[in-house]
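The values are calculated or read from the model by the stated rules, or taken from the named source; none is laboratory data. Treat the numbers as computed from the prediction; the structure is a model and nothing was measured. Cβ placement follows ideal geometry from the backbone for every residue including glycine, while neighbour counts extend to all protein chains displayed. Heavy atoms of the whole protein, side chains included, go into the accessibility calculation; ligands, DNA and RNA do not. Shrake-Rupley method; radii C 1.70, N 1.55, O 1.52, S 1.80 Å.
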Amino acid sequence: QVQLVESGGGLVQPGGSLRLSCAASGTIFRIYGMGWYRQAPGKQRELVATITTDSSPNYADSVKGRFIVSRDNAKNTVALQMNSLKPEDTAVYYCHAALWGVDYWGKGTLVTVSS
């Protein structure tokens, strides 16, 4: 069983930056694929970025060049550095873990990009 807790959301102006963090507990963190998803009001949840067990990242086209995903297996954390934020990045961001076909989710953290 995996418990995921996100932190770092908040209100930021367009063009600003924000760093999200996800702390995992209750498992051998390094064997899980990790990632971030988001869900904007009235829209379906969508992939933002994933990172493999050997720290290979993958990004949605909408965030390439602006967001950076990273993980620290020693601290059981995964982070999402978000730069050049746009109003359309406003959403609840969810931390995700996957192993052997089983998905685990955090409760989410709200990011609002507005002036």
log10 I(q)/I(0) for the stretch 54-115, Debye formula on C-alpha points only (no solvent), q = 0.14, 0.15, 0.17 Å⁻¹, two decimals, reads -0.49, -0.56, -0.71
The farthest towards the positive end of the charge dipole of the chain, of the residues ILE31, VAL78, VAL48, given +1 on Cβ of Lys and Arg and -1 on Cβ of Asp and Glu, is VAL78
Counting DSSP beta bridges with both partners in the chain, what percentage is antiparallel, nearest 5? 95
In whole angstrom, note down how far apart the Cα centers of the stretch 84-108 and the stretch 43-57 are. 8
With every protein chain present, what is the per residue accessible area of the chain (1.4 Å probe, Å²)? 53
Students often forget the sequence filter, so: which lysines lie under 29 Å Cα-Cα from LYS43 once same-chain residues fewer than 8 apart are removed? LYS64, LYS86, LYS107
Using a probe of 1.4 angstrom, how much of the accessible area of the chain is carbon and sulfur, in percent? 50
Taking a ≥ b ≥ c as the square roots of the Cα gyration tensor eigenvalues, with a/c under 1.5 meaning rounded and otherwise prolate when a/b beats b/c or oblate if not, the chain comes out prolate
Ordered by residue, what ³J(HN,Hα) values in Hz, to whole numbers, does the stretch 90-101 give under the Karplus form 6.51 cos²θ - 1.76 cosθ + 1.60, where θ = phi - 60° and Gly and Pro are x? 4, 4, 8, 9, 10, 7, 9, 10, 9, 7, 6, x
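Once the other residues with Cβ under 12 Å from the Cβ of ALA79 are scored (Lys, Arg +1; Asp, Glu -1), what is the net sum?
+1
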If I model a spin label at THR52 and SER17 as a point 7 Å from the Cα along the Cα→Cβ vector, what separation in nanometres do I get? 2.8
